[in-house]
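Heads up: the structure comes next, in structure tokens.
The values are calculated or read from the model by the stated rules, or taken from the named source; none is laboratory data. Note that the coordinates shown come from a computational prediction; the quantities given were computed from them, not determined experimentally. A quick note on method: Cβ atoms are made from the backbone with ideal geometry, for glycine too, and the neighbour counts reach across all protein chains shown.
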Amino acid sequence: MENKIKLIIGSIVMIFVIYMVLSGLSLIGSEIVEKGDTVSLHYTGTLDSGEEFDSSEGRSPFGFTAGSGDVIAGFDKAVLGMKIGEEKDFRIPPEEAYGTDPNLHPLGGQALNFHIRIVDIQKSG
């Protein structure tokens, strides 16, 4: 009996997914991040060595206004055009992170790697 229930549920899910694809719909949000929008996301940042230097996982999502300069330039650029639910991996060179001088910031002179997932977008205006 339990296997029949799993089979029925699996079939329903498959039909739903096929319907979404054929209808051109997506489980990922349709609004995209634009300059001025308030973005909430989860992120994990690592160095080229693989060492994790920061993460929002297990905490509240990180929020900021896209394109406002609230975050490092490379991070700001990476979120533009993303949708709710979308994930992205990207690398920010030192010039678009904390600069090339390690004397000015602990992460200065280092490229930063991020994995992000958009949780919410609040449209500006």
Q: Within region 76-110, track down each residue that is touching a helix residue (DSSP H, G or I) at 6+ places or on another chain (Cβ under 7 Å) and either among the hydrophobic types (A, V, I, L, M, F, W, C) or not assigned by TED's automatic domain parsing to the domain that holds residue 49 (or both).
A: 90, 92, 97
Q | Inter-residue pairs, beta-carbon under 9 Å, first β-branched (Val, Ile, Thr) and in region 95-113, second surrounded by 15 or more Cβ atoms within 10 Å (Cβ to Cβ) and assigned to a loop (DSSP other than H, G, I, E, B), 6+ apart | A | 100/109
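Does residue 40 meet the test of being exposed (fewer than 10 other Cβ atoms within 10 Å of the Cβ), modelled with pLDDT of 75 or more and under 27 Å from residue 107 (Cα atoms)? Talk me through it step by step, then tell me what you get.
Numbers: exposed (fewer than 10 other Cβ atoms within 10 Å of the Cβ): no; modelled with pLDDT of 75 or more: yes; under 27 Å from residue 107 (Cα atoms): yes.
The answer is no for residue 40.
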Q) Residues of region 47-71 being in contact with a His (Cβ under 8 Å, 6 or more places away or on another chain) and surrounded by 16 or more Cβ atoms within 10 Å (Cβ to Cβ), which ones? A) 56, 62
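For residue 76, are the conditions met, namely being in contact with a strand residue (DSSP E or B) (Cβ under 7 Å, 6 or more places away or on another chain) and either under 20 Å from residue 42 (Cβ atoms) or not polar (S, T, N, Q) (or both)?
Working: in contact with a strand residue (DSSP E or B) (Cβ under 7 Å, 6 or more places away or on another chain): no; either under 20 Å from residue 42 (Cβ atoms) or not polar (S, T, N, Q) (or both): yes.
In short, no.
Every residue, every condition in (1) assigned by TED's automatic domain parsing to the domain that holds residue 82; (2) at pLDDT below 95; (3) assigned to a strand (DSSP E or B), yes or no:
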position: 19; (1), (2), (3): no, yes, no
position: 25; (1), (2), (3): no, yes, no
position: 44; (1), (2), (3): yes, no, yes
position: 50; (1), (2), (3): yes, no, no
position: 63; (1), (2), (3): yes, no, yes
Q) Restricting attention to region 52-61, which residues are under 13 Å from residue 116 (Cα atoms) and outside any loop (DSSP other than H, G, I, E, B)? A) 54, 55
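Report, by residue number, each residue of region 73-125 that is part of a loop (DSSP other than H, G, I, E, B), surrounded by fewer than 18 Cβ atoms within 10 Å (Cβ to Cβ) and among the small types (Gly, Ala, Ser).
Quick first cut of region 73-125, residues part of a loop (DSSP other than H, G, I, E, B) only: 80-82, 84-86, 93, 97-111, 123-125.
Narrowing the set further to residues that are surrounded by fewer than 18 Cβ atoms within 10 Å (Cβ to Cβ) leaves 80-81, 85-86, 93, 99-106, 108-109, 111, 123-125.
Of everything in region 73-125, those that are part of a loop (DSSP other than H, G, I, E, B), surrounded by fewer than 18 Cβ atoms within 10 Å (Cβ to Cβ) and among the small types (Gly, Ala, Ser) turn out to be 81, 85, 99, 108, 109, 111, 124, 125.
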